[in-house]
Structures are given as C-alpha cells and as structure tokens.
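In what follows, a structure is listed as structure tokens, so that the remarks can point back to it.
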Number of protein chains: 2
Amino acid sequence: MRIPYQQLRAEFKRVLTALNINDEVAEACAATFADNSRDGVYSHGLNRFPTFVEYIKEGLVIPHATPTQVKIMGAIEQWDGNLAPGMLNAKFCMNRAIDLANDNGIGCVAIKNTNHWMRGGSYGLQAAEAGYIGLCFTNTIANLPPWGGTEPRLGNNPLVIAIPRKGGHVVLDMAISQYAFGKLWQYEAQGKPLPVPGGYDKQGNLTTDAAAIVESKRALPIGFWKGSGLSLVLDLLATLLSGGDSTAAITQAGRKESGVSQVFIAIKTDNDKNAAMIDEIIAYTKSSEADEEILFPGENMLRTREQSLKQGVWVDEEMWGKVKGL
Amino acid sequence: MRIPYQQLRAEFKRVLTALNINDEVAEACAATFADNSRDGVYSHGLNRFPTFVEYIKEGLVIPHATPTQVKIMGAIEQWDGNLAPGMLNAKFCMNRAIDLANDNGIGCVAIKNTNHWMRGGSYGLQAAEAGYIGLCFTNTIANLPPWGGTEPRLGNNPLVIAIPRKGGHVVLDMAISQYAFGKLWQYEAQGKPLPVPGGYDKQGNLTTDAAAIVESKRALPIGFWKGSGLSLVLDLLATLLSGGDSTAAITQAGRKESGVSQVFIAIKTDNDKNAAMIDEIIAYTKSSEADEEILFPGENMLRTREQSLKQGVWVDEEMWGKVKGL
C-alpha cells in the first residue's frame, strides 16, 4: 500500500516523541527514515525503523548525544560520535567535510563511536546538493567471509560516491556484498532464484539459491577476491582515520552493530564547467546497444522519489502496522 | 625461465637508450617495468614493454615531456601530463599529493593528458613507503559494457588503496573488470575455464569460457551493476577533477589508450599508533575457517618479490626474446 510522505514522516516522529526525544532530534530522525522509503531504500526506511527504536531503548543509540571534536590536522578532522543517532552524526560530518573543502579544496572528517547511518547515499546526496563531490564509507559488523574463508570476518562496508549534476545527481551507494541480507531474505521468502550468484551454499558451491546462502552465511563480496580486499581496506581506512573500532573490534565485542567508524570526504568542484562533461559521459554510456535500459547510479532513485511524492510512499503493510503500534 | 632482476632492468634501459631517451628517464622507466615483473605483475612489466616502446615510436608517449601545473586550489592541484610516460607522471603526482598531505593532512592531485601508469599499485606502494595512506585511480579506453548494455562504454578504471604497515604494506590494486583481458587471453590459450564467471557470451549467458568472452567483448564488471556504477563514477571523478579526457572522449577520438586522466590522494596517518590496530584487523580476517589461505591485499605480491629477488624474475621466454631483439 502507499502512504502520503508527510503521514509516514509524522508517524515516525510520533513514535520518537513518545520516547521523550526532543522535537529537533525526532524531526531529523523521522525525516531520514521517511526520505529513505520515499527514495525506494525501504530496507533503511520504514523497515529499519523498529530496529532503530529498539536500539534507542537498549541504549545503543543515545538520541540526545552530539559529536565532539577529537583532533584537527589541517583539512582532516577526527570526531567522537558519542553513540548519537548515526544519521545525525553522518549529516554533521558531511557538513564539516564540506566546510573544510570550502577552505582547502578537499576536506575529510572521520568519526568513531557512531551508529548505523541507515542509507549512505543520503550523505553523498547532501554533498551533491551543496555542490560538492561527496565520498563516504562506513564499517559494519562482520557479515562476509574473506576470500578463501568460510566464516564472516569482513563487513559489507558501504561505499558512497556522489557527483553534483543539474537534472539529477550521480549517487553511487554500494555495499560490498553482492546482495544485502534483506534482499536474500526477500528472495528466500518468495522462493525465487537470485538474478546473479549471491554466495555459496554449505557445500561451497556458488549459488543463486538465497535460502542456501542465508543458511551458510557465505554471502558473496562483489568481484569475489576483489570485494574481499576492498572491504578490508575500507575497514582499515575507517578505523585508522577515526581511531575508532574496526569490524573486528565491533564483532568481537559481541555487541550489536553499534559504535562503528566512518569517513566523509568532500571535494570542491566547478559545477558550471563540469555540466557538459558529465552529460557527455552519461550520454556515451547510454549509447551502448542494450538488453535493458542503461541507468546511471542514482537515476532510478529519482524516478522512485517522483512516484512516491505523486502516489504516496510504498510501505509493507505488516511493517506499517507494526510502526503504528509502537 | 628466470632472469636476474638487474639483467632485466638493464635490458629495458638498453632498449630505451637506443631510442635516444636520456639516462634519467630511461633508468626510471626501466626500473618500473622491471619492478612490475619482479612483483608478479607481468602484464604490466616485461609483457607490456614492447607496447610502451611502440607508443613512444608513434608519438603517443613523449619520453622527455614533464608535467606542468594548471591550477592550485588549497590541498588540491591540477596538472597537465603533457603525454609524458605515465609511470613518471604518476610518481610525480603521488609525490605532490604526499607534499600536500604533509602540509594539510590530505592532498589530492589530478592530472590530465597523461599515459597508462602500468601498475597502479606502484603509486599506492610509493605513498605507503613514505608513511602515507595512498589512493589513486585512472580512467582508460572503453573496454566494459555498462550494466544492461552489450557494447563497451566504460573503462576497467583501476582503483588503488594502500595503507602503510610495518612488515608489508596493504596494497589493493583492483581493476573494475573481474578479469583483465590479458588474463582472459591466457585462459583462452590454455583452453581452461575461468575460476569464476568472467563475462557473457554472444547469447548473453554468464560464462567461464574465456574465448566466448573475448569474442563477445562482454567482460564482466565486479559485482555486475555495482562495478558498472563504480567504473562510471571513477571516470567522472578523474575527468572532472583533472579537467581532462573521459573514457568517452578517449574512446570516441579513435586513438589508442593515451591522454588519460588520473587522481592521486595521500593522507597523513600516525603509523606508530596504527600498527597494533592494523595487525589486529588482519589477524581477525585470517582467523576464519578457510578452504584456501586468506591473504591481505599485497601479501602475495611480497612473496613473489622475495622469490624473484632470490631466484630471478620469471619471464615469458618468447616475450623476453622479443625484448632482446628490440
């Protein structure tokens, strides 16, 4: 079913306010979840909201905490997230990175002790809206086996790269696993094969059987050994630059996914000068003979947003009922 | 067969000197090719050397050119590579990025009109040797279809991320294609199936048949749609930051792969403080139950280097004969 955007947002705010969260924080968090569902990222919109509420109740997310500065090194800064809501910390950090980029051409902010940022693409979009190139990445709890291994030791550590563009920003928002576990569960429930291989079964065979992958816990990193290496270096960068917890430390502590490390980079760019160049690159990419429509990263999101604003935001009825009952 | 490292390097220098290239440039270029073969990157060591010589003869690589500064914007600089040898331009740029990082915490150098850097990992290693985190990427000629498409419109745009580490730097050197074409040709020649699917055949079926992929020109980006998006954004970044040619422009000009755009980023880091954290992350990654040995990116390269220095550098006999005849 579809729900008007404002209704969805108001419902999230109602639940948060009932937890004695102040108006400003409740409004900002509610907006993030509503925006994510509006843009088609349901897994980190409505569907994630009950978990966020649970984390607040468990003290893993501290709603009124704010980040504090740890260290300044020129165009790089380190911050402590103090376990505040990950979305608010992330937004704050990208804003700081933009300020640093405004002064230095490039700015980098690393944050430790933060929480799940929900949808990484939001902060790429934030940079692009401000006219800056945005890059960011986060570590996570271990949920992917390293190449050669059979047990989860790496995170699916999303990487976001956004480029401002008139008529629709280019926003790559890419986890290192071929499929999110949410997607695997969805295919499992529907009993449908994955479109491309998404992991290994217990016998070590590459498979499109989502249920077998969920059972083995052997989800596939993109590009096999390549994604495995990329996940490791993103975790190293996030950990070293922030001085925070690594995927290893988060996982070994035995806690839920909280207290993660993230990096935000903004780069100044000449948008007027770039406009034609970007459109030329996209046009060339789309000029290939195609079996399916060729889209740039972020293009489909814009269509979903438009549809959501016109027709209402799609919600899973069961989940919507659950949130209304919170 | 195996050849002593110094002999290989001297042979490259002999060929370059015979082209009236001055001693300093000949020595630096020869060292790059010898180092690449020494470290096991044969495709961009000995095996690529004849093509490099050909590019010099065709005027695509201008041996005595040097980069010139175009623009300074704080911790970001733009340079023009003036079609100098790509390896020398790349080394120069990473050095500049390190200088900028030394002053600003982070430094970014973008270069246009440069040439193939051969092995991207070299410049990651260069940063790591200097004690800095190094990131770099390049665009290339179109050699990968975008997701949904069947004709090459994207480059395999390598991405390099290196982290300094005592006892062996972590160096991810990753092209966006699952397999380099050199690797596909090798499997085709041997008639062996690829270890994992590497592209599509002419009928659009995902395949491990290297010959079928070479025929269809439909090599696979890592992670299917994800690598396709990553390749596009890396090209956008390289093009916009350098003001140089995109994969589209390089390919549409109908020229060989010359005049590419590249980006080099260096980040200051506290190596003494990091040492234990890096080793903890690597140890945790390796602690998984495993079917094969779990290696960090760059680990195997160090073993190959050690073996090459002890037993001589492996060379393809036919290629070695070809270079001796140049």
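Applying the set (1) within 10 Å of chain A (Cβ to nearest Cβ); (2) within 19 Å of the chain's Cα centre (by Cα); (3) among the aromatic types (Phe, Trp, Tyr) to B:Phe264 leaves exactly one unmet item: (1).
Restricted to segment B:250-261, and to residues there that are in contact with a Leu (Cβ under 9 Å, 6 or more places away or on another chain) and more than 12 Å from chain A (Cβ to nearest Cβ), the residue that is nearest to A:Met73 (Cα to Cα) is B:Gly259. So, in segment A:147-200, of the ones that are over 15 Å from the mean Cα position of the chain (by Cα), within 11 Å of chain B (Cβ to nearest Cβ) and charged (D, E, K, R), which residue ends up surrounded by the most Cβ atoms within 10 Å (Cβ to Cβ)? Here the residue is A:Arg153.
Scanning segment A:274-326 for residues that are under 24 Å from A:Ala18 (Cβ atoms) and either polar (S, T, N, Q) or without any contact (Cβ under 8 Å) to a residue 40 or more places away in the chain (or both) yields a count of 3.
Across segment B:217-229, the qualifying residues are those that are out of contact with any strand residue (DSSP E or B) (no Cβ under 6 Å at 6 or more places or on another chain) and not aromatic (Phe, Trp, Tyr), and the one among them that is surrounded by the most Cβ atoms within 10 Å (Cβ to Cβ) is B:Gly223.
Among the residues making up segment A:38-61, those that are surrounded by 17 or more Cβ atoms within 10 Å (Cβ to Cβ) and in a loop (DSSP other than H, G, I, E, B) are A:Asp39, A:Gly40, A:Val41, A:Gly45, A:Leu60, A:Val61.
Of the residues B:Gly204, B:Gly134, the single one that is within 12 Å of another protein chain (Cβ to nearest Cβ), in contact (Cβ under 8 Å) with a residue 12 or more places away in the chain and closer than 28 Å to B:Lys112 by Cα is B:Gly134. State whether the residues of segment A:70-89 include one that is under 22 Å from the mean Cα position of the chain (by Cα), over 30 Å from B:Gly105 (Cβ atoms) and not charged (D, E, K, R). No, segment A:70-89 contains no residue that is under 22 Å from the mean Cα position of the chain (by Cα), over 30 Å from B:Gly105 (Cβ atoms) and not charged (D, E, K, R). Residues in segment B:277-320 that are more than 14 Å from chain A (Cβ to nearest Cβ) and not acidic (Asp, Glu): 15 in all. For segment B:112-131, give me the residue count where each residue is more than 14 Å from B:Met301 (Cα to Cα) and either in contact with a Ser or Thr (Cβ under 7 Å, 6 or more places away or on another chain) or assigned to a helix (DSSP H, G or I) (or both). Qualifying residue count for the region: 9.
Every test in (1) buried (at least 22 other Cβ atoms within 10 Å of the Cβ); (2) of a type outside the set (Val, Ile, Thr); (3) not assigned by TED's automatic domain parsing to the domain that holds A:Thr138 is passed by A:Gly86 save one, and that test is (3).
Restricting attention to segment B:62-70, does a residue exist that is buried (at least 24 other Cβ atoms within 10 Å of the Cβ) and free of Cβ contacts under 8 Å to residues at least 60 places away in the same chain? Taking every residue of segment B:62-70 in turn, none turns out to be buried (at least 24 other Cβ atoms within 10 Å of the Cβ) and free of Cβ contacts under 8 Å to residues at least 60 places away in the same chain. Check segment B:236-252 and report whether any residue there is buried (at least 17 other Cβ atoms within 10 Å of the Cβ), under 30 Å from A:Gly204 (Cα atoms), assigned by TED's automatic domain parsing to the domain that holds B:Met73 and in contact (Cβ under 8 Å) with a residue 60 or more places away in the chain. Scanning segment B:236-252 turns up no residue that is buried (at least 17 other Cβ atoms within 10 Å of the Cβ), under 30 Å from A:Gly204 (Cα atoms), assigned by TED's automatic domain parsing to the domain that holds B:Met73 and in contact (Cβ under 8 Å) with a residue 60 or more places away in the chain. Kindly indicate whether A:Val171 is touching a Lys or Arg at 6+ places or on another chain (Cβ under 6 Å) and not in a loop (DSSP other than H, G, I, E, B). No, not satisfied.
Taking (1) buried (at least 24 other Cβ atoms within 10 Å of the Cβ); (2) over 19 Å from B:Arg48 (Cβ atoms); (3) among the charged types (D, E, K, R) in turn, B:Arg119 satisfies each apart from (2). Within the option set B:Asn104, B:Asn89, being in contact with a Pro (Cβ under 7 Å, 6 or more places away or on another chain) and more than 17 Å from B:Leu234 (Cα to Cα) holds for one residue only, B:Asn89.
The values are calculated or read from the model by the stated rules, or taken from the named source; none is laboratory data. Remember, predicted model here, so these are calculated numbers, not experimental data. Virtual Cβ from ideal backbone geometry, glycine too; neighbours counted across all protein chains shown.
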